[in-house]
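The values are calculated or read from the model by the stated rules, or taken from the named source; none is laboratory data. For clarity, every value in this text was computed on a predicted model and none was experimentally measured. Don't worry about glycine lacking a Cβ; one is built from the backbone with ideal geometry, like all the others, and counts go over all protein chains shown.
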């Protein structure tokens, strides 16, 4: 199990107060806080050995390159990639998915082809496909939800017929739902489609094995897994990365440039044009070390327990006044808990609980197609991570009680 | 530091709990106009009856946060029965109230520099919404009804 008190001591921001109250950070599904180990790794790089990567032959350039490539290797190990060269650094999941959309999809999809997504996708896994659909006449198909907030796979075979790609989140940022990626990948492959996984809400919270998933593309982001913003990545099967045309053109991604053209660098650098977020990559490496130190199994177990505690306490305290949008079964859900409360608008709830030092997200969570399916304009979302404990859940509940009092009709 | 009582003044909560002029009007003669804030899902629907240069009746529908709904209610009460010109002056005055001036944020209350054509405009209860400017992300909640009204008056011309 995770020693939460020791974890909390590693996060400087948790020592601050908001409105005179202890900071209770329950918005890690949006972005996680950073441990001192990550801050120190980035600071040390800048103070002691910063230079551009892959260019200089001098000592500090070599040190920086080793740190940057070392971070890639750590990420590769974390998700069980076959080799570090299968990890392309991007700025976030959004860029990872856009890379696939612009490079692989535009080289391989044409009018009449189909892409299958789900009703619980984040805009990052919807809008790039809308853009492609509009440009190429590609059809977008949607896997619906069951009343239990799981994917309804009844019509999966029909939806996948003739599809070129199945693009699914491993864990929903709104519902918390964990999707059965291996099962979906098998179905996609049987239909001749490739499988893209938006793992933004999975890699930070549970053991991820891209080979066991048998996926083709997996996107993830650093800032949700204790790392800095501005760094994330794409894992893809090596033969796909080799065959894909480059995405952004510029320095670093080339082998040779002449007056008449260019040849591309090897994978993964073929997809890393220009100076990358170097310190951020090193910070991400430190975040991976931190999570690995805790153990992703232990992280998952901790969040499962805490989510169970939260669901029980919320229901106990508020009964029918609080509607949770997401599965109740802890085996199929992560730590994002979205809810409606007493007809109080999510923005009002968020505003009032902030007064108690509690940070929750209010709005559509970049999942407007899902909000339409749920028939709600916005929800309030609390989400849990390694530094949260039962006292945080209790603080949320007391703050919600104050909001209820405040807006009582 | 701005506290909750700056944002949620009692008069605002009163309009939120008991919104004035809720309902619909037959279209035509009334016109129906919709305002939408895609970021938070706030929705304001206005039915306006404009007769001989006067806003003779207003009804409101829609859903959203307390600030957007209270502002809608207060707006409807303020412009009902007013000449269109006066309604437009109110819209202008309200937008000035909602604009973020450094001096206002620091609370020195020097409002004397507002443009001259607003002299004589009385915001009354609407002044209660001034606390919203201390919460910049909520300003759009307060202005939604007024932008929708402006759009409606333009259409009614």
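Quick rundown of the values:
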item: Yes/no for residue B:6 being in contact with a helix residue (DSSP H, G or I) (Cβ under 6 Å, 6 or more places away or on another chain) and surrounded by fewer than 18 Cβ atoms within 10 Å (Cβ to Cβ); result: yes
item: Meets criteria (more than 17 Å from the chain's Cα centre (by Cα), without any contact (Cβ under 8 Å) to a residue 60 or more places away in the chain and closer than 24 Å to residue A:364 by Cβ) for residue B:3; result: no
item: Unique match (being in contact with a strand residue (DSSP E or B) (Cβ under 9 Å, 6 or more places away or on another chain) and either in contact (Cβ under 8 Å) with a residue 12 or more places away in the chain or assigned by TED's automatic domain parsing to the domain that holds residue A:370 (or both)) among A:123, A:130, A:189; result: A:189
item: Residues that are within 14 Å of chain A (Cβ to nearest Cβ) and in a loop (DSSP other than H, G, I, E, B), drawn from the stretch B:3-31; result: B:3, B:8, B:9, B:18, B:19
item: Helices (runs of 4 or more DSSP H) lying entirely in the stretch B:32-114 (those with 2 or more residues that are modelled with pLDDT of 90 or more and within 14 Å of chain A (Cβ to nearest Cβ)); result: B:66-79
item: Every residue from the stretch A:369-405 that is part of a strand (DSSP E or B) and more than 14 Å from chain B (Cβ to nearest Cβ); result: A:382, A:383
